[in-house]
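Chemist: Next up is a structure, given as structure tokens.
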Amino acid sequence: MTVPILRMQGICKSFGPGIIAADDVTFSVNRGEIHALAGENGAGKTTLMKILYGLEKAQRGEIFLHDRRITINSPKDAMSHGIGMVHQHFMLVDELTVAENVVLGIEPRRAGLFDRKAAEHLVRSLSERYDMPVEPTARAADLNVATKQKVEILKVLARNAELIILDEPTAVLTPQETKRFFEQLKTLRDLGKTIVIITHKLPEIKAICDRITILRKGRTIGTYFVSDISESEISRKMIGTEPPPERFPQADSAGLPRLSVRHIWCFGPHGKAALKDMSFDLRGGEMLGVIGVEGNGQRELVGVLTGKIVPDHGNVILNEGILPSSLSSIRKEGVSFIPEDRMNDGVDLDASIEENVTALLRQNRDHLVGPFFKSRKLSVSGRRLTEGFDVRMGSLRDSIRHLSGGNMQKVVCAREIDACGTVLIADQPTRGVDVGSLRTIHDQMEALRAAGKGILLISSDLQEIRALCRRAIILHQGTIAAEIDDLSACSEEELGLYMLGIKRQEPVSPEVAHE
């Protein structure tokens, strides 16, 4: 009988009345396996792993490592027990080299000084052993996303981690990078490392994982061998109902341009072009996808379209007029914006769920009597929006900081989709969202499109783009590497080649393309 390397028993954690993240959860993993941890938003996955890594403290329960009870109060405690975690958002210091990032906090020293050669030797040794080639002297800021992820894993390996937690590890990888990453995870497993993956991507669970533990509403539903359970069964156990049918993009209604980007150039602080002569149209009744490996101009494009960045050359036409210079003015033109970073840009962590979900309604005269809010009407609107998006919560008056990341995302999407007048700019709208919630958000976006709104969908999830969009532009190094008019005729592998810059189309001006 296999003895688990790790057991978590009777784990309980709540964040106040009605917000139970873990309710008597049991979880165990075996040495040398890749184990998926899956469940809906708010099911308790991330909370459970934060407890294991010392970022949260359980109110009840026990943790056993190698059949010995241990106490973990901090990430330092976790690392001392050989437990490492790679977060979804990387935590590298851009100004440092790969080697400097890997040994940060455990720097080798010689005669009291930092031993750079020893650090670089350590990185090369780990790279070779675990088949994760990186250049130790490269600056972190110059690395692509896939390489940054390798560096994060090398960081935990340098600290002798035997159990590695990965939070949504393929969220920003191309199909080619994902395939290579899976090969590297199998190498880690074959060398005796134990890997726990928090993920919503069912095909990836089937492709890479040995076993899966499913949580629902803070409770353990069960642990299964992946070879013995289908994707639809996993989905059913996660959400408690039949999985939604596969979605296919609906026909666009091809209205007039709502948003026209013309010959946009943006230069960074060191004179490097982040956007290079970018032009495209977003039409009413269309959902236009924007695809690209993270760091290829998406952030700058969104910054231009939301008034955060003033382009050095070119202009943007919104509803037949020049795009205003601030987000508040842009919103008055009927534009809604779902930001990529919900924590910093999407919510006010010091406010309640109701205040966040009704923030835009509070600027509406229908919800004001003179200078005062119509409290009852705002509460009714808040309840309508949170119920419509199935936000799992205790009370509308609870602080939004107590919600899971996925439920927080649903609050942002509910607010912005409800307020959309002409254009929705959706930047990674379903990142970290489970399959049931993803369908809700997709349905609401599709309803906007069918009503004649223009939707710009920036997503690193190719399956999402292909499910919602007929047309997409692919960014590489700040340029449009390709404009695909029929995504159904283009394979994911071909899209990946455009994303990596291996393949390019000849540029066609939108003025010519739509003549």
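The values are calculated or read from the model by the stated rules, or taken from the named source; none is laboratory data. Keep in mind that this is a model prediction, so the values were computed, not measured. Cβ atoms come from the backbone with ideal geometry, glycine included; neighbour counts cover every protein chain shown. With ligands, DNA and RNA removed, areas are computed over all heavy atoms of the protein, side chains included. Shrake-Rupley method; radii C 1.70, N 1.55, O 1.52, S 1.80 Å.
Chemist: Please go through the stretch 119-144 and give me each residue that is within 9 Å of Ala99 (Cα to Cα), in a helix (DSSP H, G or I) and open to solvent by less than 40 Å² (accessible area, probe 1.4 Å), ordered by number.
Modeler: Ala119, Glu120, Val123
Chemist: With the condition kept exactly as written, say whether any residue in the stretch 35-48 is over 29 Å from the mean Cα position of the chain (by Cα), open to solvent by 40 Å² or more (accessible area, probe 1.4 Å) and either farther than 26 Å from Phe182 by Cα or not hydrophobic (A, V, I, L, M, F, W, C) (or both).
Modeler: If we filter the stretch 35-48 for residues that are over 29 Å from the mean Cα position of the chain (by Cα), which is where we start, we get none.
No: the stretch 35-48 contains no residue that is over 29 Å from the mean Cα position of the chain (by Cα), open to solvent by 40 Å² or more (accessible area, probe 1.4 Å) and either farther than 26 Å from Phe182 by Cα or not hydrophobic (A, V, I, L, M, F, W, C) (or both).
Chemist: Here's a follow-up. In this structure, is Asp228 open to solvent by 20 Å² or more (accessible area, probe 1.4 Å) and within 25 Å of Asp461 (Cα to Cα)? Full working, then the answer.
Modeler: On the way: open to solvent by 20 Å² or more (accessible area, probe 1.4 Å): yes; within 25 Å of Asp461 (Cα to Cα): no.
It is false that Asp228 is open to solvent by 20 Å² or more (accessible area, probe 1.4 Å) and within 25 Å of Asp461 (Cα to Cα).
Chemist: In addition: Inspect all residues belonging to the stretch 278-295 and state whether any of them is farther than 22 Å from Gly406 by Cα, touching a Gly at 6+ places or on another chain (Cβ under 7 Å) and open to solvent by 20 Å² or more (accessible area, probe 1.4 Å).
Modeler: Within the stretch 278-295, one or more residues are farther than 22 Å from Gly406 by Cα, touching a Gly at 6+ places or on another chain (Cβ under 7 Å) and open to solvent by 20 Å² or more (accessible area, probe 1.4 Å).
Chemist: Given (1) of a type outside the set (Asp, Glu); (2) surrounded by fewer than 21 Cβ atoms within 10 Å (Cβ to Cβ); (3) within 15 Å of Gly32 (Cα to Cα); (4) more than 23 Å from the chain's Cα centre (by Cα), identify the lone condition not met by Gln184.
Modeler: Exception for Gln184: condition (4).
Chemist: If Ser74 satisfies every condition in (1) surrounded by fewer than 21 Cβ atoms within 10 Å (Cβ to Cβ); (2) under 22 Å from Val3 (Cα atoms); (3) of a type outside the set (Lys, Arg) but one, which is the exception?
Modeler: (2)
Chemist: If Glu246 passes every condition in (1) buried (at least 19 other Cβ atoms within 10 Å of the Cβ); (2) within 22 Å of the chain's Cα centre (by Cα); (3) at pLDDT below 95 but one, which one does it miss?
Modeler: Just one mismatch for Glu246, condition (1).
Chemist: Also, quick follow-up: Scanning the stretch 145-157 for residues that are closer than 15 Å to Ile195 by Cβ and free of Cβ contacts under 8 Å to residues at least 60 places away in the same chain, which turns out least open to solvent (accessible area, probe 1.4 Å)?
Modeler: Going through the qualifying residues, I end up with Leu154.
Chemist: Taking Lys76 as meeting all but one of (1) within 30 Å of Glu183 (Cβ to Cβ); (2) free of Cβ contacts under 8 Å to residues at least 40 places away in the same chain; (3) not in a loop (DSSP other than H, G, I, E, B), write down the number of the exception.
Modeler: (1)
Chemist: Just checking, how many residues over the stretch 433-476 are open to solvent by 20 Å² or more (accessible area, probe 1.4 Å) and acidic (Asp, Glu)?
Modeler: Residues meeting the conditions: 3.
Chemist: Counting only residues that are touching a residue at least 60 places away in the same chain (Cβ under 8 Å) and part of a loop (DSSP other than H, G, I, E, B), which one in the stretch 79-118 is most open to solvent (accessible area, probe 1.4 Å)? It would help to see each step written out before you state the result.
Modeler: As a first pass, look at the stretch 79-118 and keep what is touching a residue at least 60 places away in the same chain (Cβ under 8 Å): 79, 82-88, 90-92.
Among the residues that remain, those that are also part of a loop (DSSP other than H, G, I, E, B) are: 82, 87-88, 90-92.
Numbers: Gly82: 8, His87: 51, Gln88: 42, Phe90: 60, Met91: 120, Leu92: 31 Å².
Among them, the one singled out is Met91.
Chemist: Anything in the stretch 393-432 that is in contact with a Gly (Cβ under 7 Å, 6 or more places away or on another chain), crowded, with 23+ Cβ neighbours inside 10 Å and under 20 Å from Thr199 (Cβ atoms)? List them, or say none.
Modeler: Ser404, Gly406, Asn407, Gln409
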